[in-house]
């Protein structure tokens, strides 16, 4: 049994639950954007892994080992 996570909704919740500590508007936007994209991609990755695994423990281990590749 896999658990479906809506990546967009998940990323929204993560950003709302973790406000930036910066006082500069541009830095706040950058922090929020980075957190949103990371959260979204991680949720997508979870979806990909969970479709091929039956064990939740195995899924969580793979997610913890996931390296999100961001090109600067």
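Within region 22-43, can you find the residues that are out of contact with any helix residue (DSSP H, G or I) (no Cβ under 8 Å at 6 or more places or on another chain) and farther than 26 Å from residue 65 by Cβ? 23, 24, 25, 26, 27, 28, 29, 30, listed by residue number. Every listed requirement among (1) assigned to a loop (DSSP other than H, G, I, E, B); (2) at pLDDT below 95 is met by residue 47 save one, (1).
Within region 24-41, is even one residue more than 13 Å from the chain's Cα centre (by Cα) and either at pLDDT below 95 or part of a loop (DSSP other than H, G, I, E, B) (or both)? Yes: region 24-41 contains one or more residues that are more than 13 Å from the chain's Cα centre (by Cα) and either at pLDDT below 95 or part of a loop (DSSP other than H, G, I, E, B) (or both).
The values are calculated or read from the model by the stated rules, or taken from the named source; none is laboratory data. Keep in mind that this is a model prediction, so the values were computed, not measured. Neighbour counts run over all protein chains shown; Cβ positions are idealised from the backbone, glycine included.
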